[in-house]
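The values are calculated or read from the model by the stated rules, or taken from the named source; none is laboratory data. Nothing here was measured: the structure is a model prediction, and the numbers come from that model. When we count neighbours, we look across all protein chains shown, and the Cβ atoms used for this are built from the backbone with ideal geometry, even at glycine.
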Amino acid sequence: MTIINEIYKEETKINLFSIKEILWILFVLSGSFFAWLEVGNLMDFYEIGILIASAISLILVGKFWNSLKMLSYWVAGLSILAIWEYANYSNKITANEESFLLIYLISSQAAIMWMSALFVLAMLTYFIAIFSKSIYVGKVATVLTWSGAMFGLVGMMVRWRESYIINFEYGHIPVSSLYEVFILFSVLTTLIYLYYEQKTKTKALGGFVMLIVSAAVAFLLWYTFDKQAHVIQPLVPALKSYWMKIHVPANFIGYGAFSIAAMVGLAYLITNKISQNNPNSSFVKSMPSTEEMDDLMYKTISLGFGFFTIATVLGAMWAAEAWGGYWSWDPKETWALIVWLNYAAWLHIRMSKGWRGAPMAWWALIGLLVTTFAFLGVNMFLSGLHSYGEL
Amino acid sequence: MANKSTLLIRFLGSMNLAVTLLVMLAVASVIGTVLKQNQAFQDYIIKFGPFWTQVFDSLGLFHVYGAAWFILVLVFLLISTGVCLTKNSPKFIKDMKNFSESLSLNSYKNQPYSETIALANFDLEGAKKILTEQGFKTKIHQRKDGVTIAAMKGKWNRLGYIFTHSSIIIICISALLDSNLLLKFRELTGDLVAETRSVSLNEIPKKSWLGEDNFSFRGTVNVAEGQKTNVLFLPYERGFLVQKLPFSIKVKEFRIEHYDTGMPKSFESDLILNDPNLEQPIKKTIRVNEPLYYKNYAIYQSSFGDGGSILDLKIYPLLSPEPNSIEIQTAISRVEPLKTPLGVFKVEFNDFRAFNIIPTTEAERKKTGKKTHNNGPSITFKVRNEQGKAWEYESFMQPTLQDNRYFFMTGMRTSSAEPFRYLFIPVDEKNSSKRFFKFLAIINNPIKIKKLLNLYIPKIDSIDNKTYNLQLQLFTKLLVLFRKKGFQGINLFVQTNIPKEEQEKVKDYYLEKTSLALQTLYLSILYQDEQNKDSISEFNEQWFEDAIIAISSLTRYGPAMYFELVSFKQIDSSGLQITKSPGKDIVYFGSSLLIIGVFFLFYLRQKRIWLAYSVTDKSLIVAGKDSRDLPETKKEFAKMIAIIKQKL
Ligand code: HEM
């Protein structure tokens, strides 16, 4: 009977014309329409296409994943509040040193600091939840994670606006520098994780995933305070293209999903090790079963692989337009291929040879090293055409 | 019975080979990024030593992506994928169409998921409806003892396999079309030789030229404003090839805009493309990210540079006893021979920059509120002597602020691996370098030194004529030493010519006398300029100190010449990249196929359900099979059973 109830519950969930759904569609459409009215004159043909496609995908993803709706309402509300507050200070960037609201809450810098703090806190809380076996603490961790993601998105939205306020010529979507993509990475990884948290109904992996997000946050903070990387810089001519708006986010869905797979792999290996020594350990009991973790690794890697494939193809198309060749064996390009080959091999071994368990977990973990090098190492150690975000 | 050829086929289509090849490709790519590719051979020898350079070179590690073994791996990848595809596709296509509706009851019972339910009556339409509602397609098979409904969904999953694997083949083959494989072949047959010298176009031999029939290429050319080109340069191995174009391109105008940080904001060229086949030339403005497409050619804005800016220069001979200079007019990328008493030099004018925007210092930002400032125009050039030794200079036209004073700044280095060492020539009160060269000329002129010292340090009564003359002689000698090697020169002289016990004392004495002499000569200039004779301004005092530092470092500044940029006329050149890549659209087609295929593979599962009712047994066999066995497969099957139990 419970199964049938579940089925019916699922069926009622997909009611297209509930007030909630209509509100959602209206919200996305009016938001996009407003964006077009306000800044449509700055967009070229492709960017209007991207706007329409983003609106449609947001509507669909929101239908598919309810919680995204509430997150979007909050992000939109706070971002608009920030933009309005800047307008109150006659759109001067120095408003972020004068307005209380901006200084402490929703200037991009403040929002990103909130994001950083909340993500680290969420990681700790998730671990406490495992050891205290408290459902309540687990819920707190989830709320912290959602709030962190919200602040991260608000930070990006407001930063987008701030880039135009600082100097109209500097204006650009904040996915162009290493600093900006680290925020994108933290937020996307967290959101993908939250989706699977709801789907798998377990919070035990939260601490592990937020570990990698916290590492990204640590880098972000070092990069801010030591290198002043948060200062908004204008774009180099090669990056001024609509391609950036789709290439970079697709890439980071890939990186995010691969990172989650690696952290689940880590959780797998730890759980496996402990359960070998002590099968009745309470830690093992509070973790998902190894089969579930194994399956989650497979799902996140295949999600990541899909988006990473798209990102790489888009990157090649962009390269063809900006550098005159779709493939130049530039280090960043080549490392994208290496990452792709690595996961293609992983998927083959799993799908055709049916490997499972510890070796695949190790491989996923090593995959993260490869991915990190592609993402960060190339910028640090190898020079090439991808000249943005040198460390 | 596996004979040899089926074994071979099995090996080529095996997963082990596929994964091995994927990993090999990945490792080769790693090498290609870690080892800088296509550098000058010299650089490799410096880095790895002759032995390892030899080893690496013979393994093709300096051109990994063109190495034979790399191509071989790619070819094997193609074969492996192809074999796998031809082996599996028929099976999969059959599997897509086949509902397996007429299997025996036993084989349904042996499916991965199977459950038998006792059922008195079977509602065929009801069962069909349940399955259709869940998104299944159904096929009904009447048996003697009952009926079977075979249902399937997500059959496109199978197509995913075919799409991904054929896309890999399509992409690799079309990318090979765009590679320089054909050129490699022509090179092997001796038909083609890369040019490695930097010579003018008409000196390049025919064997380095490529005709319009060349299938695919990607090269660059710099075109100065107002000029046109109908050739292109393709980097090849350690040199380049010249590609003839079937049309000409004129750069009518080049424009560049900067941000307030000095970073380029955008650059663009107005092009006129002239093809004899065209009635009207094509006019178009290209910029970064906005190329011009013409036939199967694409013309990109890729860089910019100097297109031969015209320079008016003054050359000061630094050892001349008179303040004189010669003026020349030249242009960037020209080489000027210079005959001097020190020998014949060649001056290569390399680059001109109209702006040098640099970040401001903390203190400066407080004062001006600006994040950057402009150091003004600069030129870089090399002075080369007859033996071929070169000194590279970077010289700024306008005085630069340093420690609150303005200087003419020139950097020098003898190897491009070093940073520039700067010479700072202080500006005089008229903001020019005139006084400096006047002062320098006096120091270069022993006769004048003697005369001036005689005038300004007259003989006093307490010493005799001979002593006075000796003193003047000492002064002159010290100044010559100073001019040759700076204060260091006087030190050296003392160390080699004076007994050890007295060195300290004599050195102090000499240095004091040198200073006195220099000051005196300086005063003589100030007097000539009719400065206030009684007190020297702070500016002039500081100028003296700065000038002495500059003069004493002149000897470390290369050949004794100083180049001053007087005026210029800037001419830009536009860096164009032109490609012909017939494989591009096929690569894009393959890529789309790949993306679609990947999503079919991962987001569609081919699921089958069979409902086989037996009238004799009054039972229903529910069987299920999934192309990929996931935890949810079990759950979904349980759900299906529950629904069937409830509704039927
Ligand atoms: C987008 C990249 C690729 C994906 C998603 C992919 C996916 C798959 C899948 C799902 C299978 C298992 C088919 C099945 O049994 O159901 C498979 C098998 C195979 N793939 Fe790939 N593949 C990709 C690229 C490649 C490449 C580049 C090669 C080149 C060597 C390759 C070679 C093979 C081979 C040899 C098999 C074994 C087929 C067999 O014997 O059953 N694949 N691949």
Return yes when A:Ser90 is in the same structural domain as A:His230 (by TED's automatic domain parsing) and under 20 Å from A:Leu205 (Cβ atoms) and no when it is not.
no
Going through A:Ala110, A:Ala141 one at a time, which residue ends up being free of Cβ contacts under 8 Å to residues at least 60 places away in the same chain, within 21 Å of the chain's Cα centre (by Cα), within 27 Å of A:Gly207 (Cβ to Cβ) and not in a loop (DSSP other than H, G, I, E, B)?
A:Ala110
Tell me yes or no: at least one residue of region B:99-106 is away from the ligand (no atom under 16 Å from the Cβ), within 27 Å of B:Ser592 (Cα to Cα), of a type outside the set (Val, Ile, Thr) and away from chain A (no Cβ under 14 Å).
no
How about region B:116-164: which of its residues are within 14 Å of chain A (Cβ to nearest Cβ) and either within 16 Å of the ligand (Cβ to nearest atom) or more than 18 Å from B:Met96 (Cα to Cα) (or both)?
B:Ile130, B:Glu133, B:Gln134, B:Asn157, B:Arg158, B:Gly160, B:Tyr161, B:Phe163, B:Thr164
Being buried (at least 21 other Cβ atoms within 10 Å of the Cβ) and more than 11 Å from every other protein chain (Cβ to nearest Cβ) narrows it down to one of A:Met293, A:Met287, so name that one.
A:Met287
Only residues in region B:422-449 that are on the phi > 0 side of the Ramachandran plot count as the first member; pair them with residues that are not in a loop (DSSP other than H, G, I, E, B), Cβ under 9 angstrom, at least 6 apart or cross-chain, and list the lot.
B:Asn431/B:Tyr406
Could you list, in sequence order, the residues of region B:577-628 that are more than 14 Å from chain A (Cβ to nearest Cβ) and of a type in the set (A, V, I, L, M)?
B:Ile609, B:Leu611, B:Ala612, B:Val615, B:Leu620, B:Ile621, B:Val622, B:Ala623
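Could you please give the count of residues in region A:55-76 that are closer than 24 Å to A:Phe168 by Cα and among the small types (Gly, Ala, Ser)?
Selection size over region A:55-76: 1.
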Consider only pairs whose beta carbons are under 7 Å apart and that are at least six residues apart or on different chains; among these, list those whose first residue lies in region B:357-385 and is under 30 Å from B:Thr330 (Cα atoms) and whose second residue is at pLDDT below 75 and among the hydrophobic types (A, V, I, L, M, F, W, C).
none
Single unsatisfied condition, A:Tyr46 versus (1) outside the structural domain of A:Gly207 (by TED's automatic domain parsing); (2) modelled with pLDDT under 90
(2)
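Could you list, in sequence order, all residues of region B:614-640 that are in contact with a helix residue (DSSP H, G or I) (Cβ under 8 Å, 6 or more places away or on another chain) and more than 16 Å from the ligand (Cβ to nearest atom)?
Hits for region B:614-640 are B:Ser614, B:Leu620, B:Ile621, B:Val622, B:Ala623, B:Gly624, B:Pro631, B:Ala638, B:Lys639.
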B:Val427 vs (1) in contact with a Leu (Cβ under 8 Å, 6 or more places away or on another chain); (2) more than 18 Å from B:Pro317 (Cα to Cα); (3) surrounded by 20 or more Cβ atoms within 10 Å (Cβ to Cβ): all pass except (1)
Please state which one of B:Phe122, B:Phe185 is aromatic (Phe, Trp, Tyr) and either in the same structural domain as B:Gly219 (by TED's automatic domain parsing) or modelled with pLDDT of 90 or more (or both).
B:Phe185
Which ranges mark the helices (runs of 4 or more DSSP H) fully within region A:276-391 that have 2 or more residues being within 16 Å of the ligand (Cβ to nearest atom) and touching a Ser or Thr at 6+ places or on another chain (Cβ under 6 Å)?
A:331-352
State which residue is nearest to the other protein chains (Cβ to nearest Cβ) when the search covers only region A:228-246 and only residues that are within 23 Å of A:Thr94 (Cβ to Cβ) and free of Cβ contacts under 8 Å to residues at least 40 places away in the same chain.
A:Val231
Return yes when B:Val27 is within 14 Å of another protein chain (Cβ to nearest Cβ) and among the β-branched types (Val, Ile, Thr) and no when it is not.
yes
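Just for region B:19-45: of the residues that are at pLDDT 80 or above and away from the ligand (no atom under 16 Å from the Cβ), which one is surrounded by the most Cβ atoms within 10 Å (Cβ to Cβ)?
For region B:19-45, the residue satisfying everything is B:Thr33.
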Of the residues that make up region B:54-64, is at least one within 16 Å of the ligand (Cβ to nearest atom), surrounded by 17 or more Cβ atoms within 10 Å (Cβ to Cβ) and either within 12 Å of chain A (Cβ to nearest Cβ) or touching a residue at least 12 places away in the same chain (Cβ under 8 Å) (or both)?
no
Residue check for B:Ser80: within 16 Å of the ligand (Cβ to nearest atom), over 21 Å from B:Val622 (Cα atoms) and more than 14 Å from every other protein chain (Cβ to nearest Cβ):
no
